[in-house]
Amino acid sequence: MNPRAELPVRAPSWKWTVCGLLLLASAINYMDRQTLAGASVRITREFHLSQTQYGQVEAVFAFAFAAGSLAFGWMADRFAVRRLYALVLVLWSAAGFATGWVETPGQLLFCRALLGFFEAGHWPCAIRTTRLLLDERQRSMGNGLLQSGASLGAIVTPLVLRVLMGTGDGGWRMPFLVVGAAGLAWIVPWLWIVRDGDLARAKPEVTTEHPAGPAGVGLWEVIRSRRMWVVFGMIGCINTTWQVLRAWLMKFLQEGRGYAEADALYFNAAWFAAADVGCLVAGALAARLAVRGMAVHRSRVLVFAGCALLCTLSVFVPWLGKGAPLLVVLSLVAAGTLGVFPLYHAFTQDLPGEHQGKITGIAGVAGWVVPALAQRLFGMLADRTGSFDAGLAVAGLLPFVALGLLVSLWKSPVAARGTVAAG
């Protein structure tokens with residue numbers, strides 16, 4: 001008997017329930033990741049790390065994430081996403097938990113490398129899932145929910161740190177243990193709601209603007225297409241902006257502008273809340289414009305441009321001291337920085353679907369190697385100048401570079417059937 005025939009009929013709302021689970025997975029992913037940034041001042045003080053050395057810790061995570069993107073991108077296309085996703089979450093939660101026990105800088109680097117490698121499995125699994133569930137008009141919204149989980153987790157993390165970190169420098173360890181252990185709870189609803197065969201049988205509606213790519217297109221043909229190289233450039237730019245701001249915000253607030261740790265943690269949560277709003281609004285707005293009749297490609301580019309303009313407000317940071325104007329500008333930058341991501345993911349989903357996991361994984365190499373190099377350079381610049389200002393100002397300009405690549409090299413119509421869209 002065909003096991004798929006025994007699967008229950010899913011209500012239309014089921015796919016959005018699954019998207020909600022993806023949001024929670026992103027939240028857990030970022031809670032494990034962001035715990036280090038939230039406790040960065042205490043950790044660098046305990047291990048006597050310079051800004052350059054802290055940048056190296058973030059760089060190791062990024063390089064490992066790039067390697068994991070390749071490995072899990074391939075696996076997401078080859079193995080059942082339902083089980084692979086659960087395994088990945090167990091492994092990155094274990095790596096986060098182990099970080100709470102490190103005693104040397106070397107052990108810290110090793111745990112961050114493991115965390116980066118296994119966390120990389122989240123995105124190929126999640127992006128493949130939204131592609132299987134949603135049609136192209138819905139994907140920007142689904143991707144917005146998925147991506148907004150990152151900021152949701154980052155909103156919660158500073159509050160968790162505020163509660164769990166004691167007064168001594170060693171108090172930073174407990175949050176790693178609690179957050180790492182909490183990740184295992186997600187697996188239960190995932191395996192309960194998504195059954196074997198659910199995703200294999202999902203058939204989202206196909207619209208005429210971007211019909212599904214032809215079956216049997218080779219991966220090499222996809223990689224060498226112009227659109228794929230645009231994807232490389234886009235993710236290298238936008239993820240560098242996000243990762244630099246994510247990793248250095250607490251240090252900038254405390255060491256660069258003199259905020260107390262508690263105040264910096266509260267604003268850190270507010271900053272990620274602003275990012276979450278930007279992400280959800282960007283995804284929903286692009287979807288709304290498409291539903292109301294605007295061409296899907298045009299709606300995505302228009303919203304991407306608005307988000308990129310918000311990011312450029314970072315150039316005012318060097319001229320703003322401690323106070324409300326600085327915090328407002330940082331919040332607007334946050335909204336734009338995360339707002340570009342659901343649109344980026346939607347563009348990758350216009351490439352041939354049979355390679356979705358590998359496309360996400362290969363793009364992840366560019367998306368993480370560039371930030372890895374940038375993290376170390378940022379730390380070196382901060383050590384040399386004694387300030388974080390210049391690095392933050394430059395980081396905010398990168399999404400506008402990504403917009404230039406998108407507008408100049410990515411063409412709206414797909415190529416003729418039987419070829420990969422190369423522009």
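The values are calculated or read from the model by the stated rules, or taken from the named source; none is laboratory data. As the structure is a prediction and not an experimental result, all values here were calculated from the model. We place every Cβ from the backbone using ideal geometry, glycine too, and count neighbours over all the protein chains shown.
Assorted remarks:
Each row is one residue, and each column tells you yes or no for (1) over 22 Å from the mean Cα position of the chain (by Cα); (2) among the acidic types (Asp, Glu); (3) surrounded by fewer than 18 Cβ atoms within 10 Å (Cβ to Cβ).
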position: Leu265; (1), (2), (3): no, no, no
position: Asn268; (1), (2), (3): no, no, no
position: Gly283; (1), (2), (3): no, no, no
position: Val291; (1), (2), (3): yes, no, yes
position: Met294; (1), (2), (3): yes, no, yes
position: Leu302; (1), (2), (3): no, no, yes
position: Leu310; (1), (2), (3): no, no, no
position: Trp319; (1), (2), (3): yes, no, yes
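- Filtered residues of segment 327-368 (kept if over 14 Å from the mean Cα position of the chain (by Cα) and at pLDDT 90 or above): Leu327, Val328, Val329, Leu330, Ser331, Leu332, Val333
- For segment 264-305, residues that are within 17 Å of Leu146 (Cα to Cα) and among the hydroxyl-bearing types (Ser, Thr, Tyr) total 0.
- Test: residue in segment 118-130 that is over 18 Å from the mean Cα position of the chain (by Cα) and crowded, with 19+ Cβ neighbours inside 10 Å: no
- Test for Val244: is it crowded, with 19+ Cβ neighbours inside 10 Å and within 29 Å of Leu159 (Cα to Cα): yes
- Among the residues making up segment 292-340, a single one is within 17 Å of Ala395 (Cα to Cα), assigned to a helix (DSSP H, G or I) and without any contact (Cβ under 8 Å) to a residue 12 or more places away in the chain: Trp319.
- Considering residues of segment 1-40 that are in a helix (DSSP H, G or I), surrounded by fewer than 23 Cβ atoms within 10 Å (Cβ to Cβ) and basic (Lys, Arg) only, the residue modelled with the highest pLDDT: Lys15
- Inter-residue pairs, beta-carbon under 7 Å, first within 16 Å of Thr52 (Cβ to Cβ) and in segment 354-381, second aromatic (Phe, Trp, Tyr) and modelled with pLDDT of 90 or more, 6+ apart: Ala372/Phe63; Phe378/Trp248; Gly379/Tyr54
- The residue pairs whose first member lies in segment 5-27 and is of a type outside the set (Phe, Trp, Tyr), whose second member is modelled with pLDDT under 85 and not in a helix (DSSP H, G or I), and whose beta carbons are closer than 7 Å, counting only pairs six or more residues apart or on different chains, are Leu7/Arg195; Leu7/Gly197; Lys15/Leu134.
- From the options Arg226, Arg298, Arg292, residue that is more than 27 Å from Tyr54 (Cβ to Cβ), in contact with a Ser or Thr (Cβ under 8 Å, 6 or more places away or on another chain) and among the charged types (D, E, K, R): Arg298
Residues are listed down the side, and each one gets a yes or a no for (1) under 15 Å from Ala247 (Cα atoms); (2) of a type outside the set (A, V, I, L, M, F, W, C); (3) surrounded by 19 or more Cβ atoms within 10 Å (Cβ to Cβ):
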{"site": "Gly364", "(1), (2), (3)": "no, yes, yes"}
{"site": "Ala390", "(1), (2), (3)": "no, no, no"}
{"site": "Pro399", "(1), (2), (3)": "no, yes, yes"}
{"site": "Leu406", "(1), (2), (3)": "no, no, yes"}
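- Selected residue (only one of Leu49, Leu70, Leu84 is part of a loop (DSSP other than H, G, I, E, B) and touching a helix residue (DSSP H, G or I) at 6+ places or on another chain (Cβ under 9 Å)): Leu49
- Checking segment 199-220 against the condition returns no match, with no residue being on the phi > 0 side of the Ramachandran plot and at pLDDT 65 or above.
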